[in-house]
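First the structure, in the form of structure tokens, and then the observations on it.
The values are calculated or read from the model by the stated rules, or taken from the named source; none is laboratory data. These figures come from a predicted structure and were not determined experimentally. No Cβ is skipped: glycine too gets one built from the backbone with ideal geometry, and neighbour counts run over all protein chains shown.
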Amino acid sequence: MSKTRLFGRLLLAFMWLWASLAKLSDLPSFRASIEAFQTTSPALTVGLSLYVPWLELTLAIALLTPWHRASLLLTVLLVSIFTLALVVAWSRGLDLSCGCFGQTREKTNFPLAIIRNLLILLISVPLLLHRAPKPSP
Amino acid sequence: MALSQGNHFGLLRQVFVLLIMAGVAAGVAAPWTKGRLDSAQSQADHLAVSPAEMLGIGADILWVDARGDSERSAQPGIPGAVTLNEDTWDMGPLLLAWSPARPVVVYCGGSGCQASRKVAERLAREAPDVKARYLSGGLPAWREANSAQGRGGR
């Protein structure tokens, strides 16, 4: 396995670990962050705030296992959804702290957050599409 | 990229299992996490002040600006507000300006900001006599309420 790909997976695993622990340590703030997007019902907001941190933790662990491609596929889907939510919130002129990595004191800088997510996709999509060459007979 | 159908199926099965595993973890932790969410929500509801309620309190509110330095320098706040945020926690200016007759309301930059709630919660723990509350909707709500009041007064 190429060291670059291993480094990419470790980087993504660290990112998910950080994101999940930051959210789990302050769930009320994460719920308030979801509410601030004004796109989910109260019940869905609570459900998401209870589920998403654990999904992120699961993805972090799975990236270090043979199931890393499944984790990469979910990473691409999840980051795409987060990016879409940021674009929609930005276009609606919402002032919010996205709570993406637990930081909730300052308002989110939408262009920076979107660029950050695109960089994450730039790392995870090639890792997902890469297929190890089959051993020759 | 040529993936066989078997590979696709295996990958989707793993994706499904990961989603279920996260759900199981969230379900196992739910009694603890849901309890924390509920108690935090009831405390936040108790401390929140709506813009309409704020107008009813009157003019002698002691405003506390909970925004960080960069936000404060980018956008002016409520005139006369004292600064108190979690980055540089210093209650000195607030306690100097405070008197028991003055209601204390904390605000931050937007409807989705949470600094004001956090500062109000911390004040409730560290200086309960101050009875600080926080403004729902933040600075934009204050501006809107004031301009609406101005229009109504004409």
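Could you please let me know if B:Glu86 is under 22 Å from A:Ser33 (Cβ atoms), in contact (Cβ under 8 Å) with a residue 24 or more places away in the chain and surrounded by fewer than 19 Cβ atoms within 10 Å (Cβ to Cβ)?
yes
Can you tell me which of B:Ser50, B:Ser70 is within 29 Å of A:Arg92 (Cβ to Cβ) and more than 14 Å from chain A (Cβ to nearest Cβ)?
When all the criteria are applied, what remains is B:Ser50.
Is it the case, given these coordinates, that B:Ser116 is touching a Cys at 6+ places or on another chain (Cβ under 7 Å), of a type outside the set (Phe, Trp, Tyr) and either in a strand (DSSP E or B) or closer than 23 Å to B:Gly56 by Cβ (or both)?
It is true that B:Ser116 is touching a Cys at 6+ places or on another chain (Cβ under 7 Å), of a type outside the set (Phe, Trp, Tyr) and either in a strand (DSSP E or B) or closer than 23 Å to B:Gly56 by Cβ (or both).
What about B:Pro93, is it away from chain A (no Cβ under 14 Å), assigned to a loop (DSSP other than H, G, I, E, B) and exposed (fewer than 15 other Cβ atoms within 10 Å of the Cβ)?
no
Can you pull out every residue in region B:73-83 that is within 11 Å of another protein chain (Cβ to nearest Cβ) and either among the acidic types (Asp, Glu) or free of Cβ contacts under 8 Å to residues at least 12 places away in the same chain (or both)?
Result: B:Ala74, single match.
Looking at the structure I just gave you, is A:Leu57 in contact with a helix residue (DSSP H, G or I) (Cβ under 9 Å, 6 or more places away or on another chain) and farther than 18 Å from B:Val24 by Cβ?
no
Where residues in region B:117-148 are away from chain A (no Cβ under 14 Å) and in contact with a helix residue (DSSP H, G or I) (Cβ under 6 Å, 6 or more places away or on another chain), which of them is modelled with the lowest pLDDT?
B:Ala145
Between a residue in region B:10-27 that is at the interface with chain A (Cβ under 7 Å from one of its Cβ atoms) and without any contact (Cβ under 8 Å) to a residue 60 or more places away in the chain and any residue that is in a helix (DSSP H, G or I) and surrounded by fewer than 16 Cβ atoms within 10 Å (Cβ to Cβ), which pairs come within a Cβ distance under 8 Å, given they are 6 or more apart or on different chains?
Close Cβ pairs satisfying both conditions: none exist.
Pairs only if they're at least six apart or on different chains, beta carbon under 7 angstrom, first in region A:22-40 and on the phi > 0 side of the Ramachandran plot, second in a loop (DSSP other than H, G, I, E, B) and aliphatic (A, V, I, L, M); list them, first residue then second.
Close Cβ pairs satisfying both conditions: A:Gln38/A:Leu94.
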